[in-house]
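The values are calculated or read from the model by the stated rules, or taken from the named source; none is laboratory data. Keep in mind that this is a model prediction, so the values were computed, not measured. As a convention, Cβ positions derive from the backbone with ideal geometry for all residues, glycine included, and neighbour counts pool all protein chains shown.
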Amino acid sequence: VQLQASGGGLVQSGGSLNLSCAAKGINFRIHTMRWHRQAPGKERELVALITDKGETNYTDSVRGRFIISRNNVRRKVYLQMNSLNSEDTAVYYCAIRWRAADYWGQGTQVTVSS
């Protein structure tokens, strides 16, 4: 299983970024995909997930600002992040659970400047 995240960068407060994560080595369409993030000095937290049926869920702090989506043909999951603020600064990871184990992408840094 390989996950490759991209799309991070430096953005001003109030701005937007779109993260993407490409998956290889799995039957992508049947799996729930997740985005997590880890800010400096904090534990990694679940940000959003999307099931194989397209059902989504978000942590409260991003609900209404972030949108998770997937393209099963391209084997990609996306995280559209809007109205970014300094609290969103973190390394963002895509993840999948496969055969009782979690697999993680390499992470992409998102930095929001005030």
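Applying the set (1) in contact (Cβ under 8 Å) with a residue 40 or more places away in the chain; (2) under 10 Å from the mean Cα position of the chain (by Cα) to V11 leaves exactly one unmet item: (2).
Within the stretch 31-66, the residues that satisfy the criterion of being β-branched (V, I, T), in a strand (DSSP E or B) and in contact (Cβ under 8 Å) with a residue 24 or more places away in the chain are V47, I50. Taking the criterion of being over 21 Å from G7 (Cα atoms) and of a type in the set (V, I, T), the only residue of the stretch 41-72 that qualifies is T51. Residues that are within 12 Å of V91 (Cβ to Cβ) and surrounded by 17 or more Cβ atoms within 10 Å (Cβ to Cβ) within the stretch 4-58 comprise A5, G8, L19, W35, H36, R37, V47, listed in sequence order.
Per-residue answers, yes or no, for (1) more than 16 Å from Q4 (Cα to Cα); (2) surrounded by 15 or more Cβ atoms within 10 Å (Cβ to Cβ):
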position: K76; (1), (2): no, yes
position: N82; (1), (2): yes, no
position: Y93; (1), (2): no, yes
position: I96; (1), (2): no, yes
position: R99; (1), (2): yes, no
position: Q109; (1), (2): no, no
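The set of residues in the stretch 67-114 being outside any loop (DSSP other than H, G, I, E, B), without any contact (Cβ under 8 Å) to a residue 24 or more places away in the chain and among the hydrophobic types (A, V, I, L, M, F, W, C) consists of I67, A101.
For T51, the criteria (1) at pLDDT below 95; (2) more than 18 Å from T108 (Cβ to Cβ) hold in every case but one, which is (1).
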